[in-house]
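What follows is a set of notes on a single structure, which appears directly below.
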Amino acid sequence: MPGIYVMAIITLVVSTGLWGGLLYVLSGRNCRYLWLLLPGLPLSALVNLAVKRPLAIVVGQAAGIPPHMGLETPLWFMIYLFMLAPVFEEAIKLLPLPLPFVRRLLVSPLAALWAGMALGIGFGLGEAAYLAYGIAQAPQYANLPWYLFTGYLGERLLVCFVHGVMTAVLVTGLQRGKAWGALGYLAAVGLHALLNLGAALFQLGLIPAWGVQLTLLAALILLAVVFEWLRRRAAQMAEVAHPPDEVVYFRR
């Protein structure tokens, strides 16, 4: 078995245990949200194979732009390719929402937060598996031992969390109404673009490898702040909707 597959299995187990466990604890030890990890698993492969890749090829061929031009690629086409992932990946994460057992969970901002987190984490797990398959097809990686892919483990572990937060932004917006849903989608796309910015600049040779890690860390901190804000806001709205019973003390 290729080493990347071994590391992918480790990554999926660790990521599921860590983020699934966090989701279980924060949602009040509610197992129903863990089931929402499953619908997101095939969505990364689906959006890459059926949407992003065909759109990149069709537009590139129509414009007469050969692949792998690097910095000589027209700026508009660079931006187009860069935005394919944020625009379409955030949209496809909504694919499971019409399912009855998913819609039943979107009854409150707090439930929408946990449902969005679960769908995003599931997408991140599927993306980790899809990327591992792609790496395994490259001959230069075929014979490397599994322990040389620790960078893959660390990156995918973090990306699963940020996918969860981005989807939570979108789903909690939708729970509030169509206008808020549109704003939530734009916010998720913007956060996704920020997350991918370092890798895009590295591929163009504009920043060193450590710069990618720095931008990923900055995006992680930002998304952790966003998550905590969403959680506090949803909890406050839950208290307003269902205030605790007042306790009256009588003196005799």
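All of the numbers you see were taken from the coordinates with simple rules; none came from a lab. Here the structure is a predicted model, which means the values were calculated and not measured. Note that we place each Cβ from the backbone using ideal geometry, even for glycine, and neighbour counts take in every protein chain shown.
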Out of everything in segment 67-104 that is among the β-branched types (V, I, T) and part of a helix (DSSP H, G or I), what residue ends up being nearest to Y33 (Cα to Cα)?
V102
Matching entry among L71, L81 (being in contact with a Ser or Thr (Cβ under 9 Å, 6 or more places away or on another chain) and under 24 Å from I207 (Cα atoms))
L81
In segment 149-199, the residues that are aromatic (F, W, Y), over 11 Å from the mean Cα position of the chain (by Cα) and closer than 19 Å to L110 by Cα
W180, Y185
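Residue by residue, here is whether (1) surrounded by fewer than 22 Cβ atoms within 10 Å (Cβ to Cβ); (2) within 27 Å of L38 (Cβ to Cβ); (3) free of Cβ contacts under 8 Å to residues at least 60 places away in the same chain; (4) among the basic types (K, R) holds:
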site: L119; (1), (2), (3), (4): no, yes, no, no
site: E127; (1), (2), (3), (4): no, yes, no, no
site: R156; (1), (2), (3), (4): no, yes, no, yes
site: V169; (1), (2), (3), (4): no, yes, no, no
site: T172; (1), (2), (3), (4): no, yes, no, no
site: A188; (1), (2), (3), (4): no, yes, no, no
site: A199; (1), (2), (3), (4): yes, no, yes, no
site: G211; (1), (2), (3), (4): yes, no, yes, no
From L95, L131, which residue is out of contact with any Cys (no Cβ under 8 Å at 6 or more places or on another chain) and under 30 Å from G3 (Cα atoms)?
L131
Just for segment 1-34: of the residues that are among the β-branched types (V, I, T) and without any contact (Cβ under 8 Å) to a residue 12 or more places away in the chain, which one is farthest from G120 (Cα to Cα)?
I9
What are the residues in segment 22-58 that are of a type outside the set (S, T, Y), over 16 Å from L12 (Cα atoms) and part of a loop (DSSP other than H, G, I, E, B), if any?
G28, R29, N30
